[in-house]
Amino acid sequence: MMTDLINALVLIANFILVPGLTYGSQLGLGALGITMIYSVLRFSNFAHGEMMSFGAMVTILMTWWMQSQGLTFGPLPTALFALPVGIIVTIGLTLTADRLVFRYYREIKAPPVTLLIVSMGLMFFLGGLIRFIIGPNDQKFFDGERFILKARDFKTMTGLSEGLAIKSTQGITVVLAVLMVSFLFWFLTYTRTGKSMRAYSNNEDLALLSGINPERVVMVTWIITAVLITLAGTLYGLDKSYKPFTYLSLLLPIFASAIVGGIGSPVGAILGGFVIAFSELFITFAYKRVLGYLLPEHLEPSGLMQLLTTDYKIALSFVILVLVLIIKPTGIAGGKTL
Amino acid sequence: MSFLIGKDMVGGYGGANILNGCTIGVDKGEIAVIVGPNGAGKSTAMKALFGMLALSSGEVLMDGQNIMHLKPQERVKLGMGFVPQTANIFTEMSVEENLEMGAFIRRDDFSDTMDQVFTLFPILKEKRRQLAGELSGGQRQQVAVGRALMTQPQLLMLDEPTAGVSPIVMDELFDRIIEIARTGIAILMVEQNARQALEIADKGYVLVQGENRFTDTGKALLADPEVRQAFLGG
């Protein structure tokens, strides 16, 4: 009986907890970028997904080059070491986009909705550029050790009939996300530049009056966003696989995360990411085997016991988004209302 | 000639002028108060002095220098401090961070100035880690004034510092403002509570329709039957 319970828990850990932590971290990093741009530049950046894709693409190209030069790092994926290049090029992209596109609309004090449409234009442009460079297909760039913990090893270790597997990409995602988020919070809380960004986001007029340079705040915001974007994009590609189209459809869960958490609130973005990730997994998981362990034998369900098929997981973000906007528009951590 | 003076200022926000040739000046260590009925251009006059409004004629001089071409931020660097009437604190930041942001343009060590602000407003020291948005109205105004003092201005401009605070807190704030003036800073403020403000004013300006109607010491204005009748409710 006790083993049955443990088996059921391992099953949930393997199929919900571990993937949820990974996917939640990826969404959280993405949502942090959305929230940063929203607080400082005051618009919803629809080009976010394609920017993630761009960052991942550059990292992949660099990874391939490094692999072709025989530069690999044993158990660690090469992509991890190609990341700095991806980040630098993406910083170049966001700063160029700001210079060529967004700055003009900021100067003429365009309303947020105009900037949103402008960012959609950039989204289409970047989407085209990415397909032009790397093509629309699935790209593999993972190398190194596949697993931190293999299901078979776990079974022999514990003697349980259910296995728990942790992929190295999952471990890397969570570790990098924790490091990045800790750094970001430290930066925003303790550094002069970080504080000036919060001040600018909180009260623009008073920030100007205090001598805070808005163009510098905007520049630092794009740099941080580029780091977040490249990290989120690469980690997602590494964990699942890189396909340009998936980043467009990631836009919805990422926006949902930012809004559920409370747009403008960095803590909220992280929380929101996990809320969306776990909701998707809990609702699309097939509970048949879990119930098989927990229920008496004759009550074992014959169906899959799945609330929704995985095809609907995008729709789920949408439903959560709508519910939050109706019930608590400021989100969990009390951000701004859209 | 006053330390800061706006001479014969004419200007407005497009359309009809709000300021019609008024002159406002203040000296170091002195409190000057602008009073007048609603729509007289009190706040507008102050914004013009700070460079937030383009004047069509007239001039603004500080320490004898024409500062008309300077933007508000540049005037802050020159030694002007401005406390807006609303949204004058960073609500989502702690009291201490508000003061730090006030000192943003300073690259030197400003802990002495912060200590001075804390001495002036002891309650802020007690609540230094609390979010400014969680404070009471009077305490928020103290944060706002403290933030402006962080640049060690030679001139402090206050746009209705006592708006929306209780009479007791108002008296307290006025006492603090007198203390600030005693340190040699020039203080210019716009006030709705005309009687109380004129009591502490070295110089009072009664504006009507963007023009100087009466200019005198605060005491003289309070004693003037015409001013009392028309602007102070008898």
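The values are calculated or read from the model by the stated rules, or taken from the named source; none is laboratory data. Nothing here was measured: the structure is a model prediction, and the numbers come from that model. Using ideal geometry, Cβ is built from the backbone for each residue, glycine included, and neighbour counts are taken over all protein chains shown.
Which one of these is surrounded by fewer than 17 Cβ atoms within 10 Å (Cβ to Cβ) and either among the hydrophobic types (A, V, I, L, M, F, W, C) or over 15 Å from A:Gly20 (Cβ atoms) (or both): A:Tyr312, A:Tyr247? Steps first, please.
Working: A:Tyr247 fails: surrounded by fewer than 17 Cβ atoms within 10 Å (Cβ to Cβ).
Result of the check over A:Tyr312, A:Tyr247: A:Tyr312.
Among the residues making up the stretch A:189-205, a single one is more than 8 Å from every other protein chain (Cβ to nearest Cβ) and of a type in the set (Asp, Glu): A:Glu204. Of the set (1) within 17 Å of B:Phe82 (Cα to Cα); (2) without any contact (Cβ under 8 Å) to a residue 40 or more places away in the chain; (3) not assigned by TED's automatic domain parsing to the domain that holds B:Thr91, all apply to B:Leu222 but (1). Taking the stretch A:221-338 as the region of interest, the helices (runs of 4 or more DSSP H) fully inside it that hold 1 or more residues being closer than 30 Å to A:Phe142 by Cα are A:244-261, A:266-284, A:313-327.
For the stretch B:98-114, the tally of residues that are within 7 Å of chain A (Cβ to nearest Cβ) and not in a loop (DSSP other than H, G, I, E, B) stands at 3. Meeting the requirement of 2 or more residues that are in contact (Cβ under 8 Å) with a residue 24 or more places away in the chain, among the hydrophobic types (A, V, I, L, M, F, W, C) and touching an Asp or Glu at 6+ places or on another chain (Cβ under 9 Å), the helices (runs of 4 or more DSSP H) wholly within the stretch B:132-219 are B:167-182, B:194-200.
Within 25 Å of the chain's Cα centre (by Cα) and either within 11 Å of chain B (Cβ to nearest Cβ) or in a helix (DSSP H, G or I) (or both): does that describe A:Leu208? Spelling it out, it is not the case that A:Leu208 is within 25 Å of the chain's Cα centre (by Cα) and either within 11 Å of chain B (Cβ to nearest Cβ) or in a helix (DSSP H, G or I) (or both).
With the structure loaded, tell me whether A:Pro253 is under 17 Å from the mean Cα position of the chain (by Cα) and more than 30 Å from A:Ser161 (Cβ to Cβ) or whether it fails that test.
Values: under 17 Å from the mean Cα position of the chain (by Cα): yes; more than 30 Å from A:Ser161 (Cβ to Cβ): yes.
Against the criterion (under 17 Å from the mean Cα position of the chain (by Cα) and more than 30 Å from A:Ser161 (Cβ to Cβ)), A:Pro253 qualifies.
Which condition number in (1) more than 20 Å from the chain's Cα centre (by Cα); (2) modelled with pLDDT under 95; (3) within 26 Å of B:Met52 (Cα to Cα) is the one that B:Glu97 fails? The number of the failed condition is (2).
Using the structure shown, decide if A:Ile91 is farther than 19 Å from A:Tyr242 by Cα and crowded, with 19+ Cβ neighbours inside 10 Å. Yes; evaluated as a whole, the condition is true for this residue. Within the stretch B:73-93, if we keep just the residues that are of a type outside the set (A, V, I, L, M, F, W, C) and either in a helix (DSSP H, G or I) or more than 9 Å from chain A (Cβ to nearest Cβ) (or both), the residue that is nearest to B:Thr162 (Cα to Cα) turns out to be B:Gln85.
Entry remark, the stretch B:51-72: residues being within 14 Å of chain A (Cβ to nearest Cβ) and either assigned to a strand (DSSP E or B) or surrounded by fewer than 16 Cβ atoms within 10 Å (Cβ to Cβ) (or both) number 1 in total. The set of residues from the stretch A:223-244 being among the small types (Gly, Ala, Ser) and either farther than 19 Å from A:Arg42 by Cβ or surrounded by fewer than 24 Cβ atoms within 10 Å (Cβ to Cβ) (or both) comprises A:Ala232, A:Gly233, A:Gly237, A:Ser241. When the stretch A:260-304 is limited to residues that are of a type in the set (S, T, N, Q) and under 30 Å from A:Ser201 (Cβ atoms), the one that is surrounded by the fewest Cβ atoms within 10 Å (Cβ to Cβ) turns out to be A:Ser279.
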